[in-house]
Structures are given as structure tokens and as C-alpha cells.
Amino acid sequence: MAGDRKAFGQLVARHQASIRALARRLARSATDGDDIAQAAFLSAWRRRSTWQGGSFRGWVCAIAYREFLATRKSQTFNAEEDDQPGAAGETGERLDIMRAMASLDEHERAAVALCIGSGLSHAEAADAMAAPLGSVKSWVLRGRAKLQKALVAYQSA
């Protein structure tokens with residue numbers, strides 16, 4: 001059991017930044033995203049015997065996405081001051097990206113966050129989202145196009 005904990009701890013240390021970033025993008029809140037990431041790792045620990053190998057990060061991303069969906073259904077996210085665009089320490093480029101991501105519809109934002117933000121393959125994202133592969137590819141393509149258009153508009157302003 002101690003070996004399991006140590007190995008799992010090393011996996012968490014290696015992947016926690018990317019899982020937190022994904023959860024924050026999905027939740028559009030640092031606080032809620034951190035809570036979702038923590039719940040995802042806790043769930044992964046509890047269900048570690050069900051991991052069938054492959055990409056650990058992909059598996060935990062899928063868990064984080066399901067945690068996000070469950071949290072969203074059970075409560076409304078609390079937008080705190082430090083989570084809002086324009087908070088202290090935010091760079092102009094980061095604010096532009098946050099605004100552009102917020103303009104995407106839910107499926108596009110999730111697909112872009114999983115594929116582009118977290119580096120999952122389209123197939124891994126489709127598994128995480130329990131969606132058809134073709135839909136995920138379309139959401140990523142449309143989301144990327146919308147992001148490019150929005151970022152060009154922000155740069156021009």
C-alpha cells in the first residue's frame with residue numbers, strides 16, 4: 001500500500017499542473033477549478049484499480065471532466081474576484097485568451113481545453129467527453145477558428 005501511495009504521489013506531482021489548468025479552463029474559475037482537480041485526483045486514487053494502463057493523464061483528464069460536469073449540475077460556480085478577468089497579475093495576452101475561451105460554447109471549450117490545452121488526442125478527448133470522435137474533431141476545429149478570430153479582434157483593438 002505504501003508503494004501505491006508513493007507511485008501515485010509521483011504521478012500526481014507530474015500531472016497536477018495540467019489537470020488543474022484543464023479544470024480551471026472548464027470551470028472558468030481558479031478556485032472551482034482547483035476543487036475539481038482535487039476531486040479528480042481523489043477519485044482517481046479511489047478507483048486506481050480500474051485504470052487499464054495507457055495515458056494516466058488522459059485517464060485523470062476524463063475524471064476531471066466528469067467531475068466538472070457533476071459539479072456544474074449540482075451547483076452554480078461561484079465567481080470570485082480573484083477569478084475574474086482583470087485580476088491583479090493577469091497579463092493582457094492571458095486576459096484575451098480567457099475572454100476568447102469564455103466565448104466558446106460548452107462543448108467547444110471542453111474539446112479545446114482537452115485537446116489543445118491538455119494535449120490529449122481527439123480519441124482521448126472523445127473518451128473523456130463520452131462523445132463521438134467526429135463531434136470532438138468538429139468542436140476543436142470550430143473552437144480553434146473562433147479563438148483565432150477572437151484573438152485577432154483583441155489584438156486589433
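The values are calculated or read from the model by the stated rules, or taken from the named source; none is laboratory data. Fair warning: this is a prediction, and the values are worked out from it, not measured in the lab. Glycine gets a Cβ as well: all are built from the backbone with ideal geometry, and neighbour counts include every protein chain shown.
Tabulated data for the structure shown
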| item | result |
| --- | --- |
| Residue check for Glu108: acidic (Asp, Glu), part of a helix (DSSP H, G or I), in the same structural domain as Leu141 (by TED's automatic domain parsing) and modelled with pLDDT of 90 or more | yes |
| Qualifying residue in region 47-66 (condition: in contact with a Lys or Arg (Cβ under 7 Å, 6 or more places away or on another chain) and either closer than 25 Å to Ala100 by Cβ or not assigned by TED's automatic domain parsing to the domain that holds Ser118 (or both)) | no |
| Pair list, Cβ < 6 Å and 6+ apart or interchain, from region 3-26 residues that are assigned by TED's automatic domain parsing to the domain that holds Ala44 to residues that are not in a helix (DSSP H, G or I) | Ser18/Ser118; Leu22/Ser118 |
| Every pair of residues 6+ apart whose Cβ atoms lie under 9 Å, when the first sits in region 36-62 and is touching a residue at least 24 places away in the same chain (Cβ under 8 Å) while the second is surrounded by fewer than 11 Cβ atoms within 10 Å (Cβ to Cβ) | Trp45/Arg5; Ala62/Ala130 |
| Output for region 113-157, where each listed residue is closer than 19 Å to Ala102 by Cβ, modelled with pLDDT of 90 or more and in contact with a Cys (Cβ under 8 Å, 6 or more places away or on another chain) | Leu114, Val140 |
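Residues are listed down the side, and each one gets a yes or a no for (1) modelled with pLDDT of 90 or more; (2) under 23 Å from Ala126 (Cα atoms); (3) assigned to a helix (DSSP H, G or I); (4) of a type in the set (A, V, I, L, M, F, W, C):
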residue	(1), (2), (3), (4)
His15	yes, yes, yes, no
Leu22	yes, yes, yes, yes
Asp35	yes, no, yes, no
Ala40	yes, yes, yes, yes
Gln52	no, yes, no, no
Val60	yes, yes, yes, yes
Ala64	yes, yes, yes, yes
Phe68	yes, yes, yes, yes
Glu93	no, no, yes, no
